[in-house]
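Just below is one structure, and these are the notes that go with it.
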Amino acid sequence: MSNHVFQQNLNDKKGPRPGGPYIIQMLFKESVAMFHVANSILHNEQDAEDAIHQAFLKIAENIQKIDQPVCPKTQGYVVTIAENKAIDQYRRRIKHPLVEMDDEVPGVSPVYEGENTLTACILKLPARYREMILLRYYHGYSVKEIAAMMGISFSAASKLDQRAKKKLKDLYEKEGQP
């Protein structure tokens, strides 16, 4: 960058463009206030951290709206964004409440003929994993069909399939050892 452009940037009415260490320092300083606001709305530290993360992403998208990184207007702006993200998350939680998973609730009832190590390992899987393995490999459904049956997204069903196979593989290798 030439001195002329640098000098012009310094003499600009708005001052140097925001970014770099000034924004990072401001966000670090305000993150405590942002967390406090989000946690007071959500009453859950992990959810508050998620809301702050979403707020940081929103701030990054709108960085051009910040003229001066360290000023009361900017502080109010970032805290308001955190508050709005926490409220959005609270509304999603009310609209779609989380249901705790209970591994003791049986999924698809397995019916196998004969006794073997693979059968024993499938029966030892948590209910959700067992259900995925049986629907996918015993009943022959696709991941897309299973996602629709379970009421989850395709990516969540794919990940569940991956985790179920890994768990089954680990159990099988453990059982196969003398």
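None of the figures in this text is laboratory data; all of them are computed from the coordinates on show. Fair warning: this is a prediction, and the values are worked out from it, not measured in the lab. Don't worry about glycine lacking a Cβ; one is built from the backbone with ideal geometry, like all the others, and counts go over all protein chains shown.
Some notes on this structure:
- For peptides 139-146, 118-125, 49-56, sequence by mean Cβ density within 10 Å, most packed first: 49-56, 118-125, 139-146
- Residues ARG93 and ALA148, FRET efficiency given R0 of 30 Å [Cβ-Cβ distance, rounded to 0.05]: 0.80
- For the range 117-176, the dipole from Cβ point charges (+1 on Lys and Arg, -1 on Asp and Glu) about the Cα centre works out to 160 debye, to the nearest 20.
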